[in-house]
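S.K.: I'd like to ask some things about the structure below.
Read-outs: derived from the displayed coordinates by stated rules, not from any lab. Computed from a predicted model, the values in this text were never measured in an experiment. In this analysis, Cβ positions are derived from the backbone assuming ideal geometry, glycine residues included, and neighbour counts consider all displayed protein chains.
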Amino acid sequence: MNRPLPGTIAIEGREFLYVEYQDAAQFRKCFFHIPCDPLPREGGIINEEVTVTLAQEIQLHGVSYKGDIEGWRRCLLGWCRKSGLIWGKVVGDSIALSNGETKWLRDCKIEIR
């Protein structure tokens, strides 16, 4: 089954982010232990099982969340800042990164599992 890259199609009430982590299997393990205090009031977060690899071999793994969007975003971005990890958001045909760079998706390796 082919599906579009998460984040390329807007879904009302859901936000998509891509988080740096060097290995998809390790990301799956740590994903359930992302620290969050206080916990978001409602909703949930899922691993989208997609990896975007930038030219520098930096891997970004897709996640999405709904419900308390601001609360889930706060948790993810706080974890990224504390861990020194880059995060990104799909904007049209590119991905805008937290370090100020923008990369064309066509120049990235994309793996949707």
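S.K.: Go through region 49-90 and count every residue that is over 14 Å from Cys108 (Cα atoms), crowded, with 17+ Cβ neighbours inside 10 Å, out of contact with any Lys or Arg (no Cβ under 6 Å at 6 or more places or on another chain) and of a type in the set (S, T, N, Q).
M.R.: Qualifying residue count, region 49-90: 0.
S.K.: Output yes when any residue across region 91-104 is surrounded by 14 or more Cβ atoms within 10 Å (Cβ to Cβ) and part of a helix (DSSP H, G or I), and no when none is.
M.R.: Among the residues of region 91-104, not one is surrounded by 14 or more Cβ atoms within 10 Å (Cβ to Cβ) and part of a helix (DSSP H, G or I), which makes the answer no.
S.K.: Quick one: which of Val91, Val63, Val50 is touching a Pro at 6+ places or on another chain (Cβ under 8 Å) and aliphatic (A, V, I, L, M)?
M.R.: None of the other options fit; the residue is Val50.
S.K.: Given the options Arg28, Arg41, Arg3, name the one that is basic (Lys, Arg) and surrounded by 13 or more Cβ atoms within 10 Å (Cβ to Cβ).
M.R.: From the options Arg28, Arg41, Arg3, the qualifying one is Arg28.
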